[in-house]
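Down below is the structure, laid out as structure tokens.
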Amino acid sequence: MADVAIHRLGANDTDTIRAMLAMFGDAFEDVKAYRSAQPDDAYLARLLASETFIALAAIVDGAVVGGIAGYVLHKFEQARREVYLYDLAVAEAHRRRGIASALIGELRSVAVTIGAYVIFVQADLGDDPAIALYESLGDREDVLHFDIAVP
């Protein structure tokens, strides 16, 4: 995994998060969702500066080859936080090199810094590489996920 730098994005990294969004679109084979209606720079800068959003980019030779987007949830039952790993992807040409594990390792470090007690993530049934990665790092819970539409 030589020459891979993991960078936590901040308010001045709108170009980097746009590159990360493009990489996500390619990796997830959903270019429309990740490229067609991106927010403006001011929105992205506010999001990147927020204490409730974490973006990490894996960079090789100046190019974004992997990334994580996560959300910090402030709990109400106890004074603690948890991190929801929302998106994780590595460009196809850079897979199987430990980049996803390095990104999660850095997310763990950020989680410690912000006082989170757990990182949680969902994986789709049939996404065997993601499931294998997450099982190697944590405990599996079989749950159901529901999307409730907002009119």
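The values are calculated or read from the model by the stated rules, or taken from the named source; none is laboratory data. What you see is a predicted model; the values in this text were computed from it and never measured. Quick reminder, even Gly has a Cβ in these numbers, built from the backbone with ideal geometry, and neighbours come from all protein chains shown. Ligands, DNA and RNA are excluded from the accessible area calculation, which covers all protein heavy atoms including side chains. Shrake-Rupley method; radii C 1.70, N 1.55, O 1.52, S 1.80 Å.
Return an integer: the convex hull volume of the alpha-carbon atoms of the chain, in Å³ per residue.
Once divided by residue count, the hull of the chain is 146 Å³.
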- request: Send over a whole-number figure in Å² for the accessible area per residue of the range 33-112, probe 1.4 Å.
  value: 53
query: Farthest toward the dipole's positive end in the range 1-117, which of VAL112, LEU56, ALA45, given Cβ charges of +1 (Lys, Arg) and -1 (Asp, Glu) about the Cα centre?
result: VAL112
message: Please give me, ordered by residue number, the chymotrypsin sites (Phe, Trp or Tyr not before Pro) of the range 42-151 that lie in loop per DSSP and have at most 16 other Cβ atoms within 10 Å.
response: PHE76, PHE146
field: Ordering of 98-104, 3-9, 28-34 by packing [mean C-beta count within 10 Å, highest first]
entry: 98-104, 3-9, 28-34
task: Report the net charge of residues surrounding VAL110, where surrounding means a beta-carbon distance below 12 angstrom and charges are Lys +1, Arg +1, Asp -1, Glu -1.
output: +1
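Restricting to Cα pairs below 8 Å that are 6+ residues apart, what does the relative contact order work out to for the range 39-146? Please round to a whole percent.
The value is 19 percent.
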- prompt: If you put +1 on each Lys and Arg Cβ and -1 on each Asp and Glu Cβ, how big is the dipole of the range 19-151 around its Cα centre, in Debye rounded to 20?
  reply: 400
- line: Among the DSSP H helices of the chain, those whose Cα atoms extend at least 18 Å along the helix axis and whose mean Kyte-Doolittle hydropathy is -1.0 or higher are 14-27, 99-114
field: Compactness of the range 52-124 - radius of gyration and Dmax, Cα, Å
entry: 13.2, 44
Apportionment of accessible area to carbon and sulfur, the chain, percent (1.4 Å): 51
query: From the residues ALA132, VAL90, VAL143, which one has its Cα farthest along the dipole of the range 19-151 in the positive direction, the dipole being from +1 and -1 charges on Cβ of Lys/Arg and Asp/Glu about the Cα centre?
result: VAL90
query: Add -39500 (n - 2.57) for each DSSP H run of 4 or more in the chain, then divide by its residues: what number comes out at 222 nm, to the nearest 500 deg cm²/dmol?
result: -11000 deg cm²/dmol
Distance between the range 129-143 and the range 1-35 - C-alpha centres, whole angstrom: 23
statement: Under the 7 Å Cα-to-Cβ spin-label approximation, ALA42 and GLU82 lie apart by a distance in nanometres of 3.6
message: Shape verdict for the range 96-151, please, from the Cα gyration tensor: rounded (a/c under 1.5), prolate (a/b greater than b/c) or oblate.
response: oblate
